[in-house]
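Where a number appears in this text, it was derived from the coordinates with a stated rule and is not lab data. The shown structure was predicted, so the numbers you read here are calculated from the model rather than taken from an experiment. Note that each Cβ is placed from the backbone with ideal geometry, even for glycine, and that neighbours are counted across all protein chains shown.
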């Protein structure tokens, strides 16, 4: 891949991951449909605001240049979050139509992370 393709891949995947992260606002607001889904999965409602906050902080960390130091932690957090979500969905007997989305998000997080590493390797030291 050339530098332009890497940048495009990075920004498309990163914007998608950030969008997913900023959807944490729905958890914080405890939207009724999400409360119902979490209840059906056996998850306590008090986790929703915490998980929403963590998702939003991860999205901010991935997007902002001054906090690049915490990039890897944010990516790891997203992987742990969505791996856990996938596990909960599978453990509750849901099919690929439910947890396929979380697999796609995990794949996108990995692509964003790997392309960010590639971009860092190609940048000259300043």
Only one of (1) surrounded by 13 or more Cβ atoms within 10 Å (Cβ to Cβ); (2) in contact (Cβ under 8 Å) with a residue 12 or more places away in the chain does not apply to residue 90, and that is (2)
(1) closer than 24 Å to residue 114 by Cα; (2) touching a helix residue (DSSP H, G or I) at 6+ places or on another chain (Cβ under 8 Å) all hold for residue 80 apart from (2)
Counting only residues that are in a helix (DSSP H, G or I) and surrounded by 14 or more Cβ atoms within 10 Å (Cβ to Cβ), region 26-40 contains a total of 6
Restricting attention to region 45-62, the residues that are under 15 Å from residue 112 (Cβ atoms) and surrounded by fewer than 16 Cβ atoms within 10 Å (Cβ to Cβ) number exactly 1
